[in-house]
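These notes are about the structure you will find just below.
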Amino acid sequence: MPDAPPPFAASPLSSPAAAAPGDGGSTPQLAHRAVTVAAIALGLALLVLIAYVSASALFLLFGALLLASIFCGLARLLQRLGLPRWLSLLLVYLLTFAIIIAPVAWGGVALAGQFNELLASVRDQANQLLGRLGEMGLPVGEDSAGQELQTLLPQPSGLASSVGQALFGALGALGNFFVLLFLAIFISWQPTLYRDGLVSLFPKAKRARVAEVLEKSAHSLLMWVAGDAISMATIFSVSWIGLSLIGINNAFLLALQAGLFAFIPTLGPFVAGVIIVLAGLAQGVDMALWALGVYVLIQGVESNVTQPIAQRLTTSLPPALTLGAQIIFGLLFGLAGFILAVPLMAVLVTMVREFYVEDVLGGPVDGARS
């Protein structure tokens, strides 16, 4: 009696290879892959949409991370003196609140009034200058000048025309500032708590590498802040000394805005220089020329003294990448995106280099390692 074939033996016609030769898999497998790819693409698109809609909250959170890195960096300096970490952070917090309260205690309303007068003077000089250019046949006018400058400078009437109007006008910004401040305090007080919570979202085999990259990203952000702080302090000091020597009005406020604008690379110093020259123009052409000379001196000190020191602390971003990121983030997310574009790019560049270039591609080319 001949042996019967096995009950589950597959015939050539019923095998997957014979049923669909060369198609790379059965129809259910292709459908599963298509659904997976579509789900991933839809998920990424949804994440991008959520990030765009909640951009203000995300930038507020990143600002808190930036401020927390500043707190941690200052605390490390105090720890080198032998102080414990908790006491160092507490001293940094107290110093921060003292810096916030000191201007109000020492005549903050009067300082705001001077700032209000400075803005009004700069706006008037810009209108007069562009009005003269319009008389020469250039396509500018006083109306357009005022509208364009209004996008760069806050309204003076909303700052200190009256105490009540200034308080109501700054209420939203003040609330966001204190939210950012307390978020930074919470994060800097227990950074490992939030870092470990984020690392726990990844598989165990990847957690050590993710923690390492997060440490490198935090270090890059801290070094960028250190380099930028040196630049801001240098520009403020040189500006205050130079503007005081030439006798320009509101020298302290002009130096202060120059130091603050130094936080924004590339375009920040240019805007600060325009404000200084316009403020000098209110006292005459000679004062404007002296102010221009001080601005050139400031840029010389920054280029030859500050930047070399800052580049030793951190890897500088390419100028085209810096300016491109500022333009793109500014157009998409407004003023907050424009201000935080460069520190955000410093973190993103570190993550892309570590996670993608190193882990996926095997490392950069030899010319890109420097």
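The values are calculated or read from the model by the stated rules, or taken from the named source; none is laboratory data. What you are looking at is a predicted structure, and each value in this text was computed from that prediction instead of being measured. Every residue, glycine as well, gets a Cβ built from its backbone with ideal geometry; the counts of neighbours run over all protein chains shown.
Listed values, structure above:
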| read-out | value |
| --- | --- |
| Every residue from segment 246-301 that is of a type in the set (Phe, Trp, Tyr) and within 27 Å of the chain's Cα centre (by Cα) | 252, 261, 263, 270, 295 |
| Hey, residue 284 at negative phi and not hydrophobic (A, V, I, L, M, F, W, C) or not | no |
| Verdict on residue 199 being without any contact (Cβ under 8 Å) to a residue 40 or more places away in the chain, among the hydrophobic types (A, V, I, L, M, F, W, C) and over 21 Å from residue 305 (Cα atoms) | yes |
| In segment 247-281, the residues that are outside any helix (DSSP H, G or I) and either within 18 Å of residue 225 (Cβ to Cβ) or touching a strand residue (DSSP E or B) at 6+ places or on another chain (Cβ under 9 Å) (or both) | 262, 263, 264, 265, 266 |
| Residues of segment 202-244 satisfying the condition of being of a type in the set (Lys, Arg) and either under 28 Å from residue 308 (Cβ atoms) or in contact with a Lys or Arg (Cβ under 9 Å, 6 or more places away or on another chain) (or both) | 216 |
| Test: residue in segment 295-306 that is touching a Leu at 6+ places or on another chain (Cβ under 7 Å), closer than 17 Å to residue 240 by Cα, of a type in the set (A, V, I, L, M) and touching a residue at least 24 places away in the same chain (Cβ under 8 Å) | no |
| Test: residue in segment 40-50 that is at pLDDT 80 or above, in a helix (DSSP H, G or I) and surrounded by 12 or more Cβ atoms within 10 Å (Cβ to Cβ) | no |
| Residue in segment 347-360 that is within 12 Å of the chain's Cα centre (by Cα) and at pLDDT 85 or above present | yes |
| Segment 293-332, residues that are of a type in the set (A, V, I, L, M), modelled with pLDDT under 85 and under 18 Å from residue 350 (Cβ atoms) | 310, 313, 317, 321 |
| Scan of segment 69-99 for residues that are among the aromatic types (Phe, Trp, Tyr) and within 26 Å of the chain's Cα centre (by Cα), ordered by number | 71, 93, 97 |
| Among (1) within 26 Å of residue 350 (Cα to Cα); (2) in a helix (DSSP H, G or I); (3) out of contact with any helix residue (DSSP H, G or I) (no Cβ under 7 Å at 6 or more places or on another chain), the one test that residue 232 misses | (3) |
| Some residue of segment 273-296 being within 30 Å of residue 75 (Cα to Cα) and crowded, with 17+ Cβ neighbours inside 10 Å | no |
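Yes or no, residue by residue, for (1) more than 24 Å from residue 187 (Cα to Cα); (2) at pLDDT 80 or above; (3) surrounded by fewer than 15 Cβ atoms within 10 Å (Cβ to Cβ):
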site: 12; (1), (2), (3): yes, no, yes
site: 17; (1), (2), (3): yes, no, yes
site: 20; (1), (2), (3): yes, no, yes
site: 29; (1), (2), (3): yes, yes, yes
site: 60; (1), (2), (3): no, yes, no
site: 76; (1), (2), (3): no, yes, yes
site: 86; (1), (2), (3): no, yes, yes
site: 90; (1), (2), (3): no, yes, no
